[in-house]
Structure formats: C-alpha cells, structure tokens
Amino acid sequence: MWNAIVEFFTATPWWMLLIIFITKIIEVSLGTVRMILVNKGYRNESFFLALIEIFMWVFIASTVINNLESAPIKGIVYGFGFASGVYIGSIIETKLAFGMVLVETIASATTGTAITERLREIGYGVTTIIGQGRSEARLVIKVFARRRNAAEVVSEILKIDDTALIIRNDITNMTGGFLTRGRSLLK
C-alpha cells in the first residue's frame, strides 16, 4: 500500500509537475483575460491572446494526457493549475480594469450640485437630471468613467454626501460624449 502511494506521487518528476501547474495557470489566466477583452470589444488584442493560449493548451494537454494512466498525479496538478488560473486571471483583470462604467448618483439637490461641481473640477464629464424623491427634490448625476477611475469618482461623491445612492454599471458600447482620453488597452 505504502509503495503504491509513493509511486503515485513520484511517477512524474516534481519539476515536471511544477511546469504543468505554472503553465496551466498562465494559460487559463490568459483565457480569462481574453474572454473579458472580447466582451469589452478588444477583438484584436483577444486574437493574439487566443493564439498564445491555444498553443500553450496543446502542449500542456498533450504532456498531461501522455501516460496519464501511469501518472494520474499529472491530471490532478493540471486541475489545480486550471482552478488557480481562473482565480489569478480574475485578479489580473481587476487590476487592469478594462472598459468603461456609468456611475449614477442620486443625491439631494444641494449636495448634488456640490458633487457635480467637484467632479467637473477634477476633469469628469457630468450630466445631471432633476428628479423628485419621496419628500424632496433630487439630482440624478451621471458620469462615464474608465473602470480604473470608478473608485475615485465614488470616493469624491462620498466625501461630499455619504448618504448618496451610487450605482455602477459596466458599459459595453458607447458613442460620443465627453471623455478625458481616447480608448486604449494599455495605459
């Protein structure tokens, strides 16, 4: 019994398992970022990531499948590499923060005016709509921002009115309007 356990873990050299694990993490992370880029409209960048991803997949999968019955640990390491790659890919995408968001705020008319002035002062395009809440006039504030700047917009709003209702939505398509810079993947 003990020999079977030892053989299970030593049928493949540790460095080969490490290569499978790390390469699978990289491959799946690229795939995660690629899918998000496709959804955000970055087709050209996605094309090149897809090429790298599929080449890596072919070589990793063939390494794992080859003699899998005599070294099933390769399949287990492959699975852990896959799961880790999904997690790491989502972290990478969050850090890169591709795309645009619409930050909508509903605030009282008084604080809404202050919020609007502050956001315009720091360079954001702001659209306002006058509304009526349950008991008082409200200002609906709409700001289109890069996803990486959304936290700054929300922070500025909360500095002025910590009771404001704030909604953030990802934008997939947008035409026209006021933006501070052109669209680019790498900034």
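Tabulated values for the structure
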{"item": "In degrees, nearest ten, helix 109-121 long axis to first principal axis of the chain (Cα)", "result": "60"}
{"item": "Chain lengthening between Ile171 and Ser70 when straightened (0.36 nm per residue, less Cα-Cα)", "result": "31.4 nm"}
{"item": "Computed magnitude of the charge dipole of segment 1-118 (debye, nearest 20; Cβ of K, R +1, Cβ of D, E -1)", "result": "140"}
{"item": "Sites Leu96 and Ile22 - FRET efficiency at Förster radius 30 Å, r taken between beta-carbons, to 0.05", "result": "0.90"}
{"item": "Semi-axes of the equivalent ellipsoid for segment 2-96, Cα gyration tensor, largest first, Å", "result": "31, 13, 8"}
{"item": "Cross-link partners of Lys142 among lysines (Cα-Cα below 16 Å; sequence separation of 8 or more within a chain)", "result": "none"}
{"item": "Distance from segment 80-125 to segment 8-46 (C-alpha centre basis), Å", "result": "27"}
{"item": "Added length on full extension, which subtracts the Cα-Cα distance from 0.36 nm per residue, Lys159 to Arg134", "result": "6.6 nm"}
{"item": "Length-normalised contact order of the chain in % [C-alpha pairs under 8 Å, at least 6 apart]", "result": "23"}
{"item": "[x] 170; [y] 110; [z] 158, with the label sought being that of the calculated volume of the Cα convex hull per residue in Å³", "result": "[x]"}
{"item": "Fully extended contour minus Cα-Cα distance, from Val58 to Trp14, at 0.36 nm per residue", "result": "13.7 nm"}
{"item": "Relative contact order %, segment 22-94, counting alpha carbon pairs below 8 Å whose residues are six or more apart", "result": "55"}
{"item": "GNM result for the chain, Cα springs below 10 Å: residue of Leu68, Leu30, Leu96 fluctuating most strongly", "result": "Leu68"}
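Read-outs throughout are calculated quantities, based only on the coordinates presented, and are distinct from any laboratory measurement. What you see is a predicted model; the values in this text were computed from it and never measured. Backbone-built Cβ (ideal geometry, glycine too); neighbour counts: all protein chains shown.
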